[in-house]
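Each remark here refers to the structure printed beneath this line.
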Amino acid sequence: MSDLFDYLNEGISSLHPYEPGRSIEDVIAEYRPEKIVKLASNENPLGPSPKAVEALKLHNDDLHLYPDGDSKKLKALIAKHESLDVSNIIIGNGSNEVLELAARAFLNKDTSALMSKHAFAVYKIVTQSNGSKTIEVPTIDWRHALNDFSNYIEDSTRVCFVANPNNPTGTYNSHNEFKSMMDAIPSSILVILDLAYFEYVTEQDYVRVNELLDNYSNLLVTKTFSKIQGLASLRIGYGLANKKLIEVLNKIRQPFNSNAIAQDAACLAILDHDHIAKSIELNSQQRDYLTNKLNDMGMECIPSHGNFISFKGNFKADKLFIDLMKEGVIVRPIALYDMPEFIRVTVGTKAENDYFLLKLGQVL
């Protein structure tokens with residue numbers, strides 16, 4: 001007799017579930033440290049935009065009402081912010097949902113998806129959950145080897161994922177590198193450019209989104225309010241693409257996928273230029289500070305352009321992870337990304353980073 005699970009989409013059985021960073025509540029309950037610092041999930045240490053917090057007060061009396069299913073107000077602000085038309089924008093329950101919508105639209109058991117090795121774990125999850133084959137391109141010095149991507153394309157390839165900067169390596173690719181890759185990839189393949197951490201990149205040769213969207217109809221760009229705007233718990237993000245592709249994704253988007261509080265908070269956060277500027281400045285300063293301190297301790301750090309640093313040293317990552325939690329510091333082991341010897345730490349405030357460094361020195 002057949003079993004229910006004999007009919008799972010091919011690929012799901014071998015998937016490893018996404019592992020979020022340990023929560024503060026879990027660590028307190030298990031280890032009861034005297035103080036706790038969470039540097040595990042690449043969250044903004046300055047918290048959410050103060051203006052966005054005001055959105056929480058706007059919905060005391062209307063929680064029984066459905067949100068705007070088309071996110072019209074938010075899309076209008078994003079359109080102005082991105083110098084695009086509202087028809088080029090889709091709102092997601094976090095940018096992860098936009099990734100999933102694209103995978104559902106183009107991937108099935110007869111297809112494959114291209115991505116870099118050590119890329120964001122969700123790419124593999126959305127690929128294999130649709131029964132598709134995953135094709136991983138080896139990195140060069142931990143960076144996406146975009147010049148090699150076209151060499152790995154198969155007849156079945158329908159989607160290509162690029163994270164820029166990449167999580168968890170923190171590496172980025174230039175505009176010209178990405179453009180060269182786009183020129184080498186057939187227009188029949190959807191390329192998804194994930195820019196979750198783009199605000200933290202300060203290099204002048206970084207990707208120019210509007211120029212790319214003008215030139216490539218097979219491009220979908222995703223962005224999030226979870227990182228620099230600090231709205232991770234509200235789950236809201238968006239995608240940018242040509243009108244026809246956005247229409248396709250909207251056909252399979254769940255109704256009311258973004259809640260009213262998240263929409264209003266995002267509307268206020270996208271206009272809070274002061275909070276964004278302070279977040280960028282803090283991250284730039286503290287990323288350099290933390291990298292230098294880790295190097296001084298003999299650690300090998302991957303040069304990062306995000307709000308986190310991945311490093312290895314004379315330690316076992318899984319043991320160090322637990323030892324630090326016992327001392328009240330939550331970081332992230334990244335064996336899930338085929339980097340079992342590495343630890344990823346979020347760039348925090350000066351006080352948070354110093355506490356992490358103190359406890360790291362004590363447990364090594």
**Message:** Restricting to region 335-364, name every residue that is free of Cβ contacts under 8 Å to residues at least 24 places away in the same chain and not charged (D, E, K, R).
**Reply:** Ala335, Pro340, Ala351, Leu358
**Fill in**
The residue from Ser217, Ser226 that alone is polar (S, T, N, Q), at pLDDT 95 or above, assigned to a loop (DSSP other than H, G, I, E, B) and more than 24 Å from Arg287 (Cα to Cα) is Ser217
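Please give the helices (runs of 4 or more DSSP H) falling wholly within region 1-106 in which 1 or more residues are under 29 Å from Val329 (Cβ atoms).
Per the criteria, 24-31, 50-53, 95-106.
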**Those residues of region 23-48 which are over 27 Å from Ser284 (Cβ atoms) and either touching a helix residue (DSSP H, G or I) at 6+ places or on another chain (Cβ under 9 Å) or of a type in the set (D, E, K, R) (or both), in sequence order** = Glu25, Asp26, Val27, Glu30, Tyr31, Arg32, Pro33, Glu34
**Prompt:** Within region 173-184, can one find any residue that is of a type outside the set (Gly, Ala, Ser) and touching a Pro at 6+ places or on another chain (Cβ under 9 Å)?
**Reply:** yes
**Message:** Of all residues being out of contact with any strand residue (DSSP E or B) (no Cβ under 8 Å at 6 or more places or on another chain) and among the β-branched types (Val, Ile, Thr) in region 306-355, which is farthest from Lys117 (Cα to Cα)? Just the residue, please.
**Reply:** Thr349
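So, restricting to helices (runs of 4 or more DSSP H) that lie completely within region 117-195, which ones have at least 3 residues that are in contact (Cβ under 8 Å) with a residue 40 or more places away in the chain and closer than 20 Å to Phe311 by Cα?
Qualifying helices (runs of 4 or more DSSP H): none found.
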**Members of region 313-325 found to be closer than 21 Å to Lys38 by Cβ, touching a residue at least 24 places away in the same chain (Cβ under 8 Å) and not small (Gly, Ala, Ser), listed by number** = Phe315, Leu320, Asp323, Leu324, Met325
**Request:** List every residue pair whose Cβ atoms lie under 7 Å apart, where the two residues are 6 or more positions apart in sequence or sit on different chains, the first residue falls within region 287-305 and is within 14 Å of Leu360 (Cα to Cα), and the second residue, located anywhere, is part of a loop (DSSP other than H, G, I, E, B) and of a type outside the set (S, T, N, Q).
**Result:** Leu290/Val347; Gly298/Gly313; Met299/Gly313
**Prompt:** Do any helices (runs of 4 or more DSSP H) lying entirely in region 259-359 carry at least 3 residues that are closer than 22 Å to Asp26 by Cβ and either modelled with pLDDT of 95 or more or of a type in the set (Gly, Ala, Ser) (or both), and which ones are they?
**Reply:** 317-326
**Message:** Please verify whether Tyr18 is within 17 Å of Ala232 (Cβ to Cβ) and in contact with a helix residue (DSSP H, G or I) (Cβ under 6 Å, 6 or more places away or on another chain), treating the condition exactly as stated.
**Reply:** yes
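How many of the residues in region 221-253 are closer than 23 Å to Val347 by Cα and either in contact with a Cys (Cβ under 7 Å, 6 or more places away or on another chain) or surrounded by fewer than 21 Cβ atoms within 10 Å (Cβ to Cβ) (or both)?
Filtering region 221-253 for residues closer than 23 Å to Val347 by Cα gives 222-237.
From what's left, either in contact with a Cys (Cβ under 7 Å, 6 or more places away or on another chain) or surrounded by fewer than 21 Cβ atoms within 10 Å (Cβ to Cβ) (or both): 232-233, 235.
Of the residues in that region, 3 qualify.
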**Request:** Go through region 48-70 and give me each residue that's under 16 Å from Thr224 (Cα atoms) and loosely packed, with under 13 Cβ neighbours inside 10 Å.
**Result:** none
**Message:** Being in contact with a Leu (Cβ under 6 Å, 6 or more places away or on another chain), closer than 25 Å to Pro138 by Cβ and surrounded by fewer than 21 Cβ atoms within 10 Å (Cβ to Cβ) narrows it down to one residue among Asn218, Asn173; which is it?
**Reply:** Asn218
**Message:** Can you confirm whether Lys73 is surrounded by fewer than 13 Cβ atoms within 10 Å (Cβ to Cβ) and either in contact with a helix residue (DSSP H, G or I) (Cβ under 8 Å, 6 or more places away or on another chain) or under 21 Å from Val248 (Cα atoms) (or both)?
**Reply:** no
**Asked** Given (1) surrounded by fewer than 16 Cβ atoms within 10 Å (Cβ to Cβ); (2) in the same structural domain as Phe225 (by TED's automatic domain parsing); (3) without any contact (Cβ under 8 Å) to a residue 40 or more places away in the chain, where does Val86 come up short, assuming only one miss?
**Response** (1)
**Asked** In region 338-364, what residues are surrounded by fewer than 21 Cβ atoms within 10 Å (Cβ to Cβ) and under 24 Å from the mean Cα position of the chain (by Cα)?
**Response** Asp338, Met339, Pro340, Glu341, Thr349, Lys350, Glu352
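The values are calculated or read from the model by the stated rules, or taken from the named source; none is laboratory data. Note that the coordinates shown come from a computational prediction; the quantities given were computed from them, not determined experimentally. Every residue, glycine among them, receives a Cβ derived from its backbone with ideal geometry; neighbour counts consider all protein chains shown.
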